[in-house]
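The values are calculated or read from the model by the stated rules, or taken from the named source; none is laboratory data. Here the structure is a predicted model, which means the values were calculated and not measured. Ideal geometry is used to build each Cβ from the backbone, glycine not excepted, and the neighbour counts take in all protein chains shown. Ligands, DNA and RNA are excluded from the accessible area calculation, which covers all protein heavy atoms including side chains. Shrake-Rupley method; radii C 1.70, N 1.55, O 1.52, S 1.80 Å.
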Amino acid sequence: MLVIEQLPVLSDNYVYLVHEPDAGLTAVVDPAVTEPVLAALERHGWRLTHILNTHHHHDHVGGNLELKAATGCTIVGPRADRERIPGIEVELGDGDLFRFGSSTALVYDVPGHTRGHIAYHFAGDHALFCGDTLFALGCGRMFEGTPPQMWRSLERLRELPDDTLVYCAHEYTQSNGRFALSVEPGNTALQARMREVDARRRDGLPTVPSTIGEERATNPFLRPDSAELQQSLDVVSQPLHEIFGATRARKDTFR
Ligand code: ZN
Ligand code: FE
């Protein structure tokens, strides 16, 4: 089984160390920065063997080249965005398997936030690394995609098992939740989750990872089929990707 350590860095990023003890492998997912990663490796006595990138944004690849220089690790990332991933050596795309000692990740192309975004699903470890595609109670902005594309990406992640842990790349849950409540005020699972989120943030605790089951029940971007959400946005019975698009557009101007 993988050992996963969550490192809060910058203002709201999460970087993950993923350690496979049998083979002695350690990956870092989306290293925004270098020093906190090296310090955490040192603390554990782990040697960095891989960088796993989800997409090209600087707050996800900023540590790539320095970590490579310091450790000689292998840089893995999206084939569709190879020219924008610093130092990429192993290119992955939809349906590819990434073998990591005794664990394996299935790779999903999840375009929308960026056109080359991928997600890594370690099914045996119930772990999904989804970068800036799916957030706790939210989703990434569509910088390089269309609503049908981004909806298809989220729809595929929504189909993963309920107990899948969602290791997203930012702590945005509390502000996402305020928006979620504005479009689904009657969702009792969402109300309960937000009480818990508020309590955790008050105590300085992370609200990530969540699970796919929680997201399916409370994340408005996975809930275009919700009657209450459709009524809030005045998109009753529209195609799901259009309801998703209307939800995303409303969030973009919400404050
Ligand atoms: Zn991003
Ligand atoms: Fe980001």
Quiz item: Roughly what would the spin-label model give for Glu159 and Glu5, points 7 Å off Cα along C-beta, in nm?
Solution: 3.6
Quiz item: Sorted by accessible area (1.4 Å probe), largest first, how do Val236, Val33 line up?
Solution: Val236, Val33
Quiz prompt | Degrees, to the nearest 10: 173-183 long Cα axis against longest axis of the chain | solution = 20
Quiz item: So what's the back-of-envelope 222 nm ellipticity for the chain, counting only DSSP H runs of four-plus at -39500 (n - 2.57) apiece and dividing by all residues, rounded to 500?
Solution: -9500 deg cm²/dmol
Practice problem: Using only C-alpha positions, report the orientation-averaged shadow area of the convex hull of the stretch 115-255, nm², one decimal. | Solution: 8.0
Practice problem: Compute, for Glu42, the solvent-accessible surface of its heavy atoms (probe 1.4 Å) with the complete set of protein chains present, and express it in square angstrom to the nearest 10. | Solution: 150
Quiz item: Between Thr253 and Arg99, 0.36 nm times their residue separation minus their Cα-Cα distance comes to what?
Solution: 51.3 nm
Quiz item: What is the spread of the Cα atoms of the chain along each of their three principal axes, largest first, in whole Å?
Solution: 53, 39, 31
Quiz item: Which whole-number percent gives the relative contact order of the chain, counting Cα pairs below 8 Å spaced six or more residues apart?
Solution: 13
Practice problem: Sort 3-14, 115-126 for me by packing, meaning the mean count of neighbouring Cβ atoms within 10 Å per residue, highest on top. | Solution: 115-126, 3-14
Quiz item: So how much accessible area does Phe143 have, in Å² to the nearest 10, using a 1.4 Å probe?
Solution: 130
Quiz prompt | Within the accessible area of the stretch 39-170 (1.4 Å probe), percent carbon and sulfur | solution = 50
Practice problem: Calculate the spin-label point distance for Leu205 paired with Thr146, positioning each point 7 Å from the Cα along the beta-carbon direction, and give it in nanometres. | Solution: 4.4
Practice problem: Pick out which of Pro220, Pro239, Pro148 has the largest mean-square fluctuation in a Gaussian network model of the chain, springs linking Cα atoms closer than 10 Å. | Solution: Pro239
Practice problem: Please work out the C-alpha center-to-center distance from the stretch 57-93 to the stretch 120-157 and express it in whole Å. | Solution: 20
Exercise. At 0.36 nm per residue, minus the direct Cα-Cα distance, what do Gln191 and Gln174 gain on full extension? Give it in nm, one decimal, please.
Key: 4.9 nm
Quiz item: So how much accessible area does Thr146 have, in Å² to the nearest 10, using a 1.4 Å probe?
Solution: 70
Quiz prompt | Accessible area in square angstrom per residue, the chain, 1.4 angstrom probe | solution = 41
Practice problem: Quote the relative contact order of the stretch 1-135 in percent (integer), defining contacts as alpha-carbon pairs under 8 Å separated by 6+ residues. | Solution: 18
Practice problem: Treating the angle as unsigned and between 0 and 90°, give the value, to the nearest 10°, between the Cα long axis of helix 240-252 and the longest Cα principal axis of the chain. | Solution: 80
